[in-house]
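Below is one structure, written out as structure tokens, with a few remarks after it.
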Amino acid sequence: MATKISIWNRKIITQAAMDSVLKLDPRKMMRNPVMFVVEVGALLSSLQLIRGLIVEVPGSGGSSFETQITFWLWFTVLFANFAEAMAEGRGKAQADTLRRAKSETTANLITQDGRVEQIAATELKKDDVVVVSAGEFIPGDGEVIEGVASVDESAITGESAPVIREAGGDRSAVTGGTRVLSDQIKVRITSNPGETFLDRMISLVEGASRQKTPNEIALNILLAGLTIIFLLAVVTLQPFSIYSNAPQTAIVLISLLVCLIPTTIGGLLSAIGIAGMDRLVQHNVLAMSGRAVEAAGDVNTLLLDKTGTITLGNRQASEFIALPSVDEAHLAEAAQLSSLSDETPEGRSIVVLAKEKYGLRGREIHKLGEGHKFIPFSANTRMSGVDFDEREIRKGAVDAIEHYIAPNGETAPPELQEIVERVARSGGTPLVVAENRTPLGVIYLKDIIKGGMRDRFDHLRSMGIRTVMITGDNPLTAASIAEEAGVDDFLAEATPEDKMALIRKEQAEGRLVAMAGDGTNDAPALAQADVGVAMNTGTQAAKEAGNMVDLDSNPTKLIEIVEIGKQLLMTRGALTTFSISNDVAKYFAIIPAMFMISYPQMQALNIMGLTSPTSAILSAVIFNALVIIALIPLALKGVEYRALPASKLLQKNILIYGLGGLIVPFIGIKLIDVIITSIGLV
Amino acid sequence: MSLSGWFQIVFYFALLLLITRPLGAYMARVYEGERTFLSRFLRPAENLIFRFCRVDEEWEMNWKEYSLALIAFSLVSGVALFFLQRLQGYLPLNPQDLPGVDSPDYTGSSFNTAVSFMTNTNWQGYGGETTMTYLTQMMGLTYQNFFSAAVGMSVAIALIRGIARRETDHIGNFWVDTVRGALYVLLPASLILALLLVSQGVVQNLNPYETATLADESTMAQIGNESGSGDSVELKQAVNTQTIAQGPAASQIAIKQLGTNGGGFFNVNSSHPFENPTPFSNLLQLFAILLIPAAFTYTLGRMVGSQKHGWAVFGAMASLFLAGVIVSYWAESRSNPLFPGNVDQIASETSPGGNMEGKETRFGIANSVLWATATTAASNGSVNSMHDSYTPLGGLVPLANILLGEVIFGGVGAGMYGMLVFIILTVFIAGLMVGRTPEYLGKKIEAFEMKMVVIAILVMPLFILSFTAISVLMPEAGLSSRNNLGPHGLTEILYAFSSGAGNNGSAFAGLNANTLWYNTTIGLSMLFGRFFIILPVLAIAGNMAAKKRVPSGAGTFPVTTPLFAVLLVGVVLIVGALTFFPVLSLGPILEQFLMSSGESF
Amino acid sequence: MRNLLTAVLFTFLTTLLFGLVYPLAFTGLAQIIFPHQANGSLVKDESGKTIGSELIGQPFVSPGYFRPRPSAAGDAGYDAGASGGSNLGPTSAELIARIRTDTELMQAENPAAKVPVDLVTASASGLDPHISPAAAKFQIPRVARERGISESDLGSLVSRFTEERQFGFLGEPRVNVLLLNLELDKRFPK
């Protein structure tokens, strides 16, 4: 899936070449008004050509010229079809990989009476329960209702490391086509045949269910409008030519029309859209609609979960701060002891810190003596610790420890309060350690911000995107981390409701919001957000609610998604601008060519110095066709993207595609003119 | 070209720049219903109108209601003007005893004129002093000069509101906007201007035409007769009197310029010495032409809360305008190679030089081209020189100004909303290049807006190109009206339909457009050219008003920068040039080449 | 329907205000403040007979008068009841022929100088009361000859009737033909 497919993949090119001929079907061409006009033009000139072969038509002397023009008109249509077919072909290649995973799976269905029955995976219905053992493929999308298993999801994600799937919680969703590596799980199927995630992915990457996005529709209206205007300009040119005693042949008028209507963008528009989806797929992100990709480019506010996105998943102990009356080493020892059985990353980091800083070797558990008893963390006490040798060590959040040392409501010593506050203010999480109901000091747990995040946020800011960090931390801690990471704002002590409210508020002010999420309780917010990226590891509910799924389950990817959205829109705009600017040069090629014979003075407009009227018109038509081919790689790869403020981006793109669009065709047409003249085509 | 000519052009432009801010701010206050220093005097009149017409001042309309009210008013007032013309022979204030327009034979002139003034085109298919009674001039033409202009301003304001407001479907009250525009902006300005004009010699009376006894009572030699009249020999007769037309001209001319109407009191419009007697009256009228359109850019900035955007739009308009003036001044100052060598065409301190055919001595070249550019940039259409006699490139400038959609300052209101259509187009095309779906001042530009924009930009080419094409294919109805042959004849016809569809009203006046064919087709062009832009524009206003407004930031498309102004200029030029380049290449461009190589027709 | 009713009422009342009250009231005002200008800046002789308007050009063809520019107003030119320009374009054969003929006639009267362009081109209104100072100067030899006066006397009269640019910078320098010719008749009667 994640394998990158080269643009120059021979198989795809061959297939695309064949498809481009099939796409000539006028019923299909109608969807694209610009290219449809070209096809009609090509058809008309072909008919004229054929008529000229059968009966002598007066005035159609240069039949070699007419033949060549006609061929190039057809090429223009074919090239546009080819661009689309190329984009689709790349998607199809991805889909084939997926399809292989889907084929021929059998399911062990648990029937009503508890028997296990083998049926084909395609016969599974929603709410069926199947059992999957090690080595078997999971037959459909579902939810683990019993057991734990490691699952190889590489067919979907391309990620070779297995993932754990277990009943209950946020890691219960499994995807059809993935393989169980160890253990056995029971899965309740959550989708009907043909509607599975895999099915949807296949149709998405193939572009089968592709619909025009809102912006594409608007752009199509403009292109159709321009086409009508040029049709008017060209059709009425004949009466004016007659008035001027310089009537034109149909083929010349058709050539002028085809050169003027925006064939470049008209031919590449759908390819750009498909390629945009495809680029997301290559980043292991599936967009459920093209609309979502466009929305990604428009995002104003990014909601980023602190943990896992901005910071590394875990906090680490970075300092032991003892109360004035307590020896620091004593605190370290107590902290270490309390964490010996704490297998959380935080717990382990405490043990490691104590060892590194104070040379305290992690004591073997058995050396603690017979009577030791570990107190695991519980939601009730919100503390963990150890009891042994008359020592009772506890660590926990400050209010929990306060309650522990002074259940009657006395306050902890002011010194402790002060340390706790200081730690919290600097963005850390204070963990208070107490021994025998006496506070010893504080473990400073620090959030570690991922490398390079600050830069990325700066870039986003320069692009006008606000980042909001979402965290369950208290406001003090959150503010400090927000400051360190360089986000614009934060939402502390966030509940799912808070998140939802924030999204609503941003949207009410007209902003578009993107967020990532995985839990079931994220689902409403994912649905509310304009771009909701669900993690593939997340629950089915989350995946259904979002409009994109990140197969790598990497929330940081939100930023790349936004960039891909922007790149898609930029490519569309750049090629539109390029296409329209091109027309200026084409006028200077064709108009003088049309009237030079009747009015030699018109030669003054032939600023390119093209050889003859026929070579001028032919060169313009050839250029018009070739430029489509030449721009296919750009359409598929997208224009170069850099995180810059809008005004800078605009300046850069106008220079390249606007000004370039004015100048390039002058050079191109001249070059083609020189070539076709020297090889004697005209 | 002379230093003094350039100085006058620069002086004029500086004056315009100076007034833009105060007037623009004043207009914003007027349309937002705030009190102004004139409220004390005008508020009673305003109240009277609202009460009489049962208009609730506080009630606001959605775009459909606004459109319906606009159409109802245009229809009623247009029909009224039609019948006023037909019946003028029976009505008072007719000292010359002129018959009803279009009597005895209907040639479509009264229809054409009714449409022409109702659509703010003010195309004159007729000669004022030989056709219209004083009553028609005042109650019909002067009235429409005020109100067709006020309607245009209302539409622009409605669109600006649509952009500025959010999540509402109200865009204002048509009746209220129109009354305020006429009462607070147009009327006071007209009074001041009219008085200044009279001081310069513009007539203002209800007298019958004056007969003067000529000093040189001799036979008038045959000079400069209208073309095509084969009976020139019979004209060698004694001429010893001169009939001098009179009338209430100043009051109409003031609003003719301020409202970018342009329909003259006399046949030759502002080249007539009674309509524009001195260089100062010329400056005043020139100033009046672009006064309100320029100020509208400031009003736009003020009302949408981005003054810089207003100035960017002003900048785009100004650069197109100045470019036009420069080209035209250059072209008209050059010698016509077809003239005999012993004609002195070089400018000097005592001779204007250049192409003086169809230009007045008191204005010379600079003031003529400045006017020609201003009157066509704005959809004014009044003339102080005859565009038909311009050199090919000199005449291309006014024609191109119209073809670009009358958006270089443009008509009062009409220029603003026309330019806003182009702004939306620019934002749509270029906006994508910043990596966001297009948005204008925080409003998303989507399929609906594009549909309306496309309709609006399609109307002009549709009517101009089709009717011109049909006309050149008809030897009798189309071609026989030409005053010039060759490419210039094509330009005459093209100019007529451009002027009509663009609601400009100026002409390559040699074309005899007072025929059934031209009266009807140009009438239709004016009608569609007006309403098929106004209706899409109001639809856009309504649709935009309902949208949320995305706050602007570093990532949004900048509409306040010089780069934006350049882009806007580019889009206006490219859309216009791409559409009309083919026909222009067979008109003025071909004529220029042929003139250089010494051909005449 | 409601709109139509409003439109009728609205058109009626505003027509009265803007179409009658405004122009009529303003006519009264203009007649009080600037009666001369408002009535056409007419020029009358001693008997009170109107002999023209200082703003409107008149035809002068006798060689003893300064001639105005060619006119296309009315059938015979300078018809102030039917203003009009020639509307001939720069490539019009008719225009070129007209200019050729006129230039030849003019040149014959004063072979010493080139013919100033305004003297052979028709004005926009056909009622242009002015000619350029150069065009006046060009005609001095002929008029002086016809009137039997010295060219320098005539020259200083022309200079006196040469209007400079308004306020020193507006418009072009020019000579009012009617006023000049009237003065000519007064000072140097034939």
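The values are calculated or read from the model by the stated rules, or taken from the named source; none is laboratory data. Here the structure is a predicted model, which is why all the values come from computation and not from measurement. Counting neighbours? That spans all protein chains shown, and the Cβs are built from the backbone with ideal geometry, glycine included.
Quick notes on this structure:
Yes or no, residue by residue, for (1) closer than 29 Å to residue B:429 by Cα; (2) at pLDDT 95 or above; (3) in a helix (DSSP H, G or I); (4) touching a Cys at 6+ places or on another chain (Cβ under 8 Å):
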| site | (1), (2), (3), (4) |
| --- | --- |
| B:454 | yes, yes, yes, no |
| B:476 | no, no, no, no |
| B:491 | no, yes, yes, no |
| B:511 | no, no, no, no |
| B:525 | yes, yes, yes, no |
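- Condition check for residue B:180: more than 19 Å from residue C:14 (Cβ to Cβ), more than 8 Å from chain C (Cβ to nearest Cβ) and not polar (S, T, N, Q): no
- Boolean, residue B:309 is without any contact (Cβ under 8 Å) to a residue 24 or more places away in the chain and more than 30 Å from residue B:598 (Cα to Cα): no
- Flag for residue B:204 being at pLDDT 95 or above, within 11 Å of chain C (Cβ to nearest Cβ) and more than 19 Å from the chain's Cα centre (by Cα): yes
- For the stretch C:34-56, the candidate set comprises residues that are more than 7 Å from every other protein chain (Cβ to nearest Cβ) and not polar (S, T, N, Q); within that set, the residue that is nearest to residue B:45 (Cα to Cα) is C:35.
- Checked against (1) within 11 Å of chain A (Cβ to nearest Cβ); (2) within 28 Å of the chain's Cα centre (by Cα); (3) farther than 17 Å from residue A:576 by Cβ, residue B:443 passes all but condition (2).
- One residue alone among C:135, C:144 is under 24 Å from residue C:185 (Cα atoms), in a helix (DSSP H, G or I) and within 8 Å of chain B (Cβ to nearest Cβ), and that residue is C:135.
- The stretch A:383-485 holds helices (runs of 4 or more DSSP H) entirely within its bounds, and those carrying 1 or more residues that are polar (S, T, N, Q) and surrounded by fewer than 21 Cβ atoms within 10 Å (Cβ to Cβ) map to A:414-425, A:453-462, A:475-485.
- In the set B:556, B:579, B:560, only one residue is within 13 Å of chain A (Cβ to nearest Cβ), among the hydroxyl-bearing types (Ser, Thr, Tyr) and surrounded by fewer than 21 Cβ atoms within 10 Å (Cβ to Cβ); that residue is B:560.
- The helices (runs of 4 or more DSSP H) falling completely within the stretch B:1-97 that include 2 or more residues that are surrounded by 21 or more Cβ atoms within 10 Å (Cβ to Cβ) map to B:3-31, B:63-87.
- Selected residue [out of contact with any strand residue (DSSP E or B) (no Cβ under 6 Å at 6 or more places or on another chain), at the interface with chain B (Cβ under 8 Å from one of its Cβ atoms) and touching a residue at least 12 places away in the same chain (Cβ under 8 Å)] from C:90, C:63, C:70: C:70
- The residues listed here are C:95, C:20, C:105; of these, the one that is part of a helix (DSSP H, G or I), within 30 Å of residue B:142 (Cβ to Cβ) and either of a type in the set (A, V, I, L, M, F, W, C) or in contact with a Phe, Trp or Tyr (Cβ under 8 Å, 6 or more places away or on another chain) (or both) is C:20.
- Total residues in the stretch C:14-42, condition surrounded by fewer than 15 Cβ atoms within 10 Å (Cβ to Cβ) and either more than 30 Å from residue B:243 (Cα to Cα) or among the small types (Gly, Ala, Ser) (or both): 3
- Breaking point among (1) surrounded by fewer than 18 Cβ atoms within 10 Å (Cβ to Cβ); (2) under 17 Å from the mean Cα position of the chain (by Cα); (3) away from chain B (no Cβ under 12 Å), for residue C:179: (3)
- Residue check, residue B:542 at the interface with chain A (Cβ under 10 Å from one of its Cβ atoms), buried (at least 22 other Cβ atoms within 10 Å of the Cβ) and out of contact with any Leu (no Cβ under 8 Å at 6 or more places or on another chain): no
- Close pairs from the stretch B:332-351: first within 17 Å of residue B:367 (Cα to Cα) and more than 7 Å from every other protein chain (Cβ to nearest Cβ), partner assigned to a loop (DSSP other than H, G, I, E, B) and among the β-branched types (Val, Ile, Thr), Cβ under 9 Å, at least 6 apart: B:332/B:391; B:334/B:391
- For the stretch B:286-294, the condition of being within 12 Å of another protein chain (Cβ to nearest Cβ), under 19 Å from the mean Cα position of the chain (by Cα), assigned to a loop (DSSP other than H, G, I, E, B) and at pLDDT 95 or above holds for none of the residues.
- Answer from B:91, B:75, B:98 - the residue that is at pLDDT 95 or above and not basic (Lys, Arg): B:75
- Hits in the stretch B:355-382 - residues which are part of a loop (DSSP other than H, G, I, E, B), within 7 Å of chain C (Cβ to nearest Cβ) and either in contact with a Phe, Trp or Tyr (Cβ under 6 Å, 6 or more places away or on another chain) or on the phi > 0 side of the Ramachandran plot (or both): B:358
- Among residues of the stretch A:636-655, those that are among the aliphatic types (A, V, I, L, M), facing chain B (nearest Cβ under 9 Å) and under 16 Å from the mean Cα position of the chain (by Cα), counted: 1
- Boolean, residue A:498 is without any contact (Cβ under 8 Å) to a residue 40 or more places away in the chain, among the acidic types (Asp, Glu) and either closer than 21 Å to residue A:455 by Cβ or crowded, with 24+ Cβ neighbours inside 10 Å (or both): no
- Residue in the stretch A:6-20 that is at pLDDT below 90, in contact with a Lys or Arg (Cβ under 7 Å, 6 or more places away or on another chain) and part of a helix (DSSP H, G or I) present: yes
- Filtering the stretch B:424-438 to residues that are among the hydroxyl-bearing types (Ser, Thr, Tyr) and assigned to a helix (DSSP H, G or I) leaves only B:426.
- Of all residues in the stretch B:478-489, those satisfying the criterion of being assigned to a helix (DSSP H, G or I) and either over 18 Å from residue A:246 (Cα atoms) or among the β-branched types (Val, Ile, Thr) (or both) are B:480, B:481.
- Checked against the criterion of being over 22 Å from residue B:394 (Cβ atoms), among the basic types (Lys, Arg) and buried (at least 20 other Cβ atoms within 10 Å of the Cβ), the candidates C:67, C:98 yield just one match: C:67.
So that you can scan it fast, the table gives a plain yes or no per residue for (1) of a type outside the set (Phe, Trp, Tyr); (2) at pLDDT below 95; (3) in contact with a strand residue (DSSP E or B) (Cβ under 8 Å, 6 or more places away or on another chain); (4) closer than 24 Å to residue C:78 by Cβ:
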| site | (1), (2), (3), (4) |
| --- | --- |
| B:230 | yes, yes, no, yes |
| B:239 | yes, yes, yes, yes |
| B:242 | yes, yes, yes, yes |
| B:267 | yes, yes, no, yes |
| B:278 | yes, no, yes, yes |
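- Scope the stretch B:296-315; condition among the aliphatic types (A, V, I, L, M) and touching a Phe, Trp or Tyr at 6+ places or on another chain (Cβ under 8 Å); matching residues: B:303, B:312
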